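> Okay, here's the structure, questions in a sec.
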Amino acid sequence: MCALRLPIYFFAALVSVLLAGLSTLDAQTKLEKLIIETRSIPISFDVEIMSTDAERQRGLMGRVYLPQQRGMLFDFGVPEDVRMWMKDTPLPLDIIFIRADGTIARITKGEPFSTRVLPSGEPVLAVLELNGGTSTRLNIQPGNVVRHKLFGTAN
């Protein structure tokens, strides 16, 4: 009976630590509203903004969970050809390349831990990362408009 208790206590402690870490992350993370205008409805997301080199390099590396309707917006400051990769990222992601005018240029799928380079294909101002499959599920497509202050398209 004692042998069974140790794994249960260990598991409970591990879950407590992980949940505490997630709530600390949320408490320290400033979220901003971003809306994608699809052909049918506007879809709202809460996004973390990554605007420094260090923030952009870290991105979602090491994170094992991203809540639904959350994402990460990488601000490159000026339009440029961008290359993303998923080397240390355990989550499958939709990677959305966004032009300076807020229109979606391209959407690609990022596979966990992949070192495959994912190019923007044209100069973009930002990249939005969402949970893998979100674009398909919500019918987000190239040409849709992203509403956020970064693009001067916020309502």
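The values are calculated or read from the model by the stated rules, or taken from the named source; none is laboratory data. No experiment lies behind these values; they were computed from the predicted model shown. Neighbour counts run over all protein chains shown; Cβ positions are idealised from the backbone, glycine included.
> Going by what's in this entry, would Ser120 be described as among the hydroxyl-bearing types (Ser, Thr, Tyr) and closer than 19 Å to Pro79 by Cα?
So Ser120 fits the description; yes.
> Follow-up question, since we're still on this one. Which one of these is in a loop (DSSP other than H, G, I, E, B) and at pLDDT 95 or above: Pro112, Pro123?
Answer to the selection: Pro112.
> At pLDDT 95 or above and over 17 Å from the mean Cα position of the chain (by Cα), is that true of Asp94?
The answer is no for Asp94.
> State whether the residues of the range 81-99 include one that is in contact with a strand residue (DSSP E or B) (Cβ under 8 Å, 6 or more places away or on another chain) and loosely packed, with under 13 Cβ neighbours inside 10 Å.
Within the range 81-99, one or more residues are in contact with a strand residue (DSSP E or B) (Cβ under 8 Å, 6 or more places away or on another chain) and loosely packed, with under 13 Cβ neighbours inside 10 Å.
> Say whether the condition of being more than 16 Å from Arg63 (Cα to Cα), over 15 Å from the mean Cα position of the chain (by Cα) and aromatic (Phe, Trp, Tyr) is met by at least one residue in the range 145-155.
yes
> Among the residues of the range 126-142, which ones are of a type in the set (A, V, I, L, M), within 21 Å of Ser40 (Cα to Cα) and part of a strand (DSSP E or B)?
Leu128, Leu130
> For the range 45-53, state whether one or more residues are modelled with pLDDT under 95, assigned to a loop (DSSP other than H, G, I, E, B) and within 18 Å of the chain's Cα centre (by Cα).
yes
> Filter the range 143-152 down to the residues that are surrounded by 13 or more Cβ atoms within 10 Å (Cβ to Cβ) and part of a loop (DSSP other than H, G, I, E, B) and list them by number.
The answer is Asn144, His148.
> Take the conditions in contact (Cβ under 8 Å) with a residue 12 or more places away in the chain and under 24 Å from Gly152 (Cβ atoms) and apply them to Met72. Does it pass?
Yes: the conditions hold for Met72.
> How about the range 57-85: which of its residues are of a type outside the set (A, V, I, L, M, F, W, C) and assigned to a loop (DSSP other than H, G, I, E, B)?
Hits for the range 57-85 are Gly59, Gly62, Arg63, Tyr65, Pro67, Gln68, Gln69.
> Going through the range 86-109 one residue at a time, which ones are among the acidic types (Asp, Glu) and not in a strand (DSSP E or B)?
Those that are among the acidic types (Asp, Glu) and not in a strand (DSSP E or B): Asp88, Asp101.
> Sticking with this structure for a sec: Considering each residue of the range 83-135, count those that are of a type outside the set (D, E, K, R) and without any contact (Cβ under 8 Å) to a residue 24 or more places away in the chain, and give that number.
Total meeting the criteria: 1.
> Then there is this: Hey, does the range 81-95 have a residue that's under 19 Å from Glu32 (Cα atoms) and among the aliphatic types (A, V, I, L, M)?
Yes, the range 81-95 has at least one match.
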